[in-house]
Every structure is written in C-alpha cells, then in structure tokens.
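Visitor: Have a look at this one.
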Amino acid sequence: MPPVFRFAPSPNGYLHLGHAYSALLNFDLARQSGGRLLLRIEDIDATRCRPEFEQAIYEDLAWLGIGWETPVRRQSEHFAAYRAAVERLAAQGLVYPSFESRAEIARLVAGKEARGAWPRDPDGAPLYPGTARSLGPEERDRLMAHGLPFAQRLDMAAACARAGRLNWREAGEGPGGETGEVAARPEAWGDVILARKETPTSYHLSVVIDDALQGVTDVVRGIDLFWSTSVHRLLQTLLGLPQPAYRHHRLVRDAAGQKLSKSTRATGLRELRAEGASPADIRRMVGLP
C-alpha cells in the first residue's frame with residue numbers, strides 16, 4: 001500500500017510561510033514515495049474558524065502547486081466519531097468531568113505555586129491540579145444536572161497504568177536531538193482535556209481519530225508538536241488505533257527567531273503573493289528545492 005500523508009491546517013487565519021513549508025514538505029514526500037496527500041480542515045474551534053479562511057487555504061495551496069485528494073475531511077462534520085471515542089474511554093473508567101473555569105484553575109495553581117514549585121507541561125502551561133478527580137459520582141451528576149460547563153479530562157495516571165510503556169519511531173529530530181526510537185512521556189501533560197461540554201473533542205483526540213480513519217501512515221508536522229506525540233501514542237493504544245510513523249520538522253521563524261503566527265502579515269502567503277512572489281520564491285524562502 002502507498003504511504004498516506006496529510007496536511008491539516010486550522011481555518012482561524014491566513015496561511016504563512018511556516019504552513020507553506022509543512023504543506024510543501026508533505027507534498028514532496030508523497031510524490032517522492034508514490035504516496036497520497038490528504039488535506040484535512042481542523043475546524044473544531046467554532047469561535048475562531050471562519051469560512052473565508054478555509055477558502056483561502058484552498059486558494060493558497062493551489063497557488064503553490066499542491067494537489068490533494070478529495071473529499072476534504074472537515075472535523076466539524078465528525079463530532080459523533082469523537083464523542084463515541086470519549087464514551088469508549090469513559091467506559092474504561094479513564095475520563096472524568098472537571099467543572100472549574102479557567103480563572104478558578106489559575107487560582108488553584110497560584111495557591112499550589114505559593115507553597116512551592118508546581119509542574120508544567122512541555123509547552124510551559126501548569127498542569128491541572130486534579131481537584132475534580134476526587135469528586136464522587138453523585139456530586140458529578142448533581143453538578144452536571146445543574147448545567148454547569150465542564151471539560152472531560154483523561155485520568156492520566158490510570159491511563160498510563162493501563163497502556164504501559166510507550167514509544168514511537170521518529171524519522172526527524174526532537175528539540176533535544178531525540179530521534180529513532182523515542183520514549184513517550186504522556187504523564188508530563190497531566191490530565192489533558194479530551195472534550196468540553198460545548199465541543200465534544202479536542203486537538204489531541206480528534207487528530208488520532210482522524211489519522212486512523214483516514215489511513216494516514218506518515219505524520220509530518222512541526223517540531224512544536226513533538227512531545228504532543230506522547231499523548232497521541234497513549235490515546236492510540238487505549239483506543240486500539242494504528243500507530244503512524246512520525247517526522248517532526250524544523251519551524252520557519254521570523255527575523256527575531258520567533259515562531260511564525262497567523263498574525264504575522266509580513267510572512268503571510270497572500271501578502272507575499274500580492275507583492276509579486278512566485279511559488280518558486282516561496283520554496284526558496286522556506287529552504288526547499
């Protein structure tokens with residue numbers, strides 16, 4: 001079977017040079033290996049994703065000379081699949097609801113930090129203090145019956161105990177030079193959110209479900225998602241999903257060395273095209289032949 005690659009942007013802004021590098025790299029690898037390239041629209045954030053940004057993704061990729069298979073998978077059309085996955089994990093006793101607001105969690109963390117260091121995840125965010133994990137079933141049911149907003153969290157300790165030791169095969173290189181067989185460290189992320197009351201999924205959950213359902217064999221993405229692979233390997237194992245090969249690539253940075261964002265108009269593909277840049281210029285700018 002030919003390898004299957006994918007490019008999966010979120011339509012919450014216009015594409016920039018960093019997106020172009022990742023999309024072109026996936027496109028090139030698919031062509032060189034006789035494989036397939038899929039395009040997935042990761043639009044679970046209804047407050048930030050907009051139709052005009054999605055249309056711009058198609059236009060920018062086509063201008064770059066990138067072709068992809070259709071139909072395009074849009075995550076907002078597959079909430080039922082993600083909800084079913086959360087229910088499977090809940091049936092294993094691995095999911096619990098937490099009812100604190102972001103402000104309440106920040107106060108809990110501040111209280112912990114006032115008494116000493118509090119652990120943070122690989123992205124630098126403080127871990128969830130885990131207070132809702134100790135709520136009994138009756139109290140959880142009472143709070144849910146009152147219509148309080150809640151997040152569905154993975155009981156990380158229980159999940160890791162269930163899954164055992166995990167690793168993945170890395171064809172690229174991690175932030176510390178990790179390559180080859182890499183040991184997964186999902187516990188470093190704490191009790192991650194899998195879904196919310198208003199949105200029945202999260203990035204971590206939807207990406208592993210989509211990759212499995214779409215038959216993705218090779219995940220090629222930015223190094224900023226390197227350690228997220230630990231959570232993805234855990235979810236794949238718990239849900240009985242296949243493990244793709246991974247290759248994390250360098251990030252395209254601005255003149256100050258900062259990671260590009262969709263608000264960086266100077267590196268936006270639409271702005272560069274309007275200024276006369278060609279697809280060949282974009283390849284040169286991101287360091288591709």
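Visitor: Determine whether the stretch 130-143 contains at least one residue that is surrounded by 15 or more Cβ atoms within 10 Å (Cβ to Cβ) and modelled with pLDDT of 95 or more.
Guide: So far as the stretch 130-143 goes, no, none of its residues is surrounded by 15 or more Cβ atoms within 10 Å (Cβ to Cβ) and modelled with pLDDT of 95 or more.
Visitor: Residues of the stretch 9-36 being part of a strand (DSSP E or B) and either surrounded by fewer than 20 Cβ atoms within 10 Å (Cβ to Cβ) or out of contact with any Lys or Arg (no Cβ under 8 Å at 6 or more places or on another chain) (or both), which ones?
Guide: R36
Visitor: Can we say D211 is among the charged types (D, E, K, R), buried (at least 19 other Cβ atoms within 10 Å of the Cβ) and closer than 22 Å to A30 by Cβ?
Guide: Judged against the criteria, D211 is a match.
Visitor: From the list Y58, Y82, Y21, pick out the single residue that is outside the structural domain of G257 (by TED's automatic domain parsing), at pLDDT 95 or above and of a type in the set (S, T, Y).
Guide: Result of the check over Y58, Y82, Y21: Y82.
Visitor: Further question on the same structure: Of all residues in the stretch 235-248, how many are surrounded by 19 or more Cβ atoms within 10 Å (Cβ to Cβ) and touching an Asp or Glu at 6+ places or on another chain (Cβ under 9 Å)?
Guide: Going through the stretch 235-248 one residue at a time, the tally reaches 5.
Visitor: Also, I was wondering about something else. Can you give me the number of residues within the stretch 82-109 that are closer than 18 Å to A212 by Cβ and surrounded by fewer than 17 Cβ atoms within 10 Å (Cβ to Cβ)?
Guide: Residues meeting the conditions: 5.
Visitor: Another question, if that's okay. Considering the stretch 103-160 alone, what residues qualify as being more than 25 Å from S228 (Cβ to Cβ) and either touching a strand residue (DSSP E or B) at 6+ places or on another chain (Cβ under 7 Å) or not in a helix (DSSP H, G or I) (or both)?
Guide: Passing the criteria: R115, G116, L135, G136, R140, M144, H146, G147, L148.
Visitor: Okay, moving on. Are there strands (runs of 3 or more DSSP E) fully within the stretch 188-287 with at least 3 residues that are of a type outside the set (A, V, I, L, M, F, W, C)? List them.
Guide: Those strands (runs of 3 or more DSSP E) span 218-222, 245-249.
Visitor: Given the condition in contact with a Gly (Cβ under 9 Å, 6 or more places away or on another chain) and within 20 Å of A23 (Cβ to Cβ), answer yes or no: does some residue in the stretch 113-121 qualify?
Guide: no
Visitor: Of the numbered conditions (1) in a loop (DSSP other than H, G, I, E, B); (2) more than 24 Å from V208 (Cβ to Cβ); (3) among the acidic types (D, E), D45 satisfies every one except a single condition; which is it?
Guide: Unmet for D45, out of (1) in a loop (DSSP other than H, G, I, E, B); (2) more than 24 Å from V208 (Cβ to Cβ); (3) among the acidic types (D, E): (2).
The values are calculated or read from the model by the stated rules, or taken from the named source; none is laboratory data. Every value quoted in this text rests on a predicted model; they were computed, and no experiment measured them. Using ideal geometry, Cβ is built from the backbone for each residue, glycine included, and neighbour counts are taken over all protein chains shown.
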